[in-house]
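Notes follow once the structure below has been shown.
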Amino acid sequence: MTLNYRYDIIKSYYWEFERTVGMAVYYILMTLIIGLAYPLCIRKPSTKKNVIYVSIVFGYMFLMSVFRYGIGNDFYSYRTFFYNYCSSDLGLVQRFLSSDFEPGYTAIMEIARLLGGDYFVLTLIMALLILLPAAFIIVKYSKMPWLSCWLYLTVTFFYNSLNFTRQSLA
């Protein structure tokens, strides 16, 4: 009985450590958004400084999106679907017709397959297609890009793009 109790305590400490370390990348992103706001956006603002600010913040988000592993409700199932799609012996038209996904997402999977057939390439393409338009809109239309980036993060648009990639792209 005591051994199981000790195991549960060790397991809970490990889980807490893993959760804290896993959250560090999000804390760094929050610090980046707030820390760079004053020198680049608030103090003597300019279009060039806003572009640099949004590029840094969304560049970090892009790296988080591309190098994530196991994050998201359906990460493993999409990875399996992608590798099954790539390993299919069917021709291009049959692959499109037999796919369980929308034609647009199937086209993105086909592009990723042609660029190497690795799931990393697919997540890279999806991150570009999700984050670039948001960054462009913030640079072009936002009067306070630091606040727009903060809201993009805290209103969970970024988190949703990690969990619901196809829906975020739509």
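Just round it to a whole percent: the fraction of Cα-Cα distances in the chain exceeding 19 Å. Counting pairs separated by more than 19 Å, the tail of P(r) holds 64 percent. Distance distribution P(r), segment 78-170, all Cα-Cα pairs, bin width 10 angstrom from 0: 15, 41, 25, 14, 4, 0 percent.
Non-local lysine pairs in the chain, meaning eight or more places apart or on different chains, with alpha-carbon distances under 20 Å, amount to 6. On the accessible surface of the chain, probed at 1.4 Å, how many percent belong to carbon and sulfur atoms? Its accessible area is 68 percent carbon and sulfur atoms.
The trypsin sites (Lys or Arg not before Pro) of segment 29-109 that meet both conditions, a loop assignment by DSSP and at most 15 other Cβ atoms within 10 Å of the site Cβ, are ARG43, ARG68.
Were the residues from SER77 through SER46 laid out at 0.36 nm apart, the gain over their Cα-Cα distance would be 6.7 nm. Given springs between every Cα pair under 10 Å in a Gaussian network model of the chain, which of LEU132, LEU147, LEU90 has the largest fluctuation? Greatest mean-square fluctuation among the candidates belongs to LEU90.
Sparse packing (at most 14 other Cβ atoms within 10 Å of the Cβ) combined with a DSSP loop state is found for the following chymotrypsin sites (Phe, Trp or Tyr not before Pro) in segment 26-120: PHE67, TYR69.
In the complete set of protein chains, residue-level accessible area for SER98 is approximately 70 Å², probe 1.4 angstrom. Calculated accessible area for the chain comes out at 64 Å² per residue, all protein chains present (probe 1.4 Å; ligands, DNA, RNA ignored).
The values are calculated or read from the model by the stated rules, or taken from the named source; none is laboratory data. Owing to the predicted nature of the structure, the values given are computational and were not obtained by experimental measurement. Ideal geometry is used to build each Cβ from the backbone, glycine not excepted, and the neighbour counts take in all protein chains shown. When the accessible area is computed, the model is the full protein with side chains, heavy atoms only, and any ligands, DNA or RNA have been set aside. Shrake-Rupley method; radii C 1.70, N 1.55, O 1.52, S 1.80 Å.
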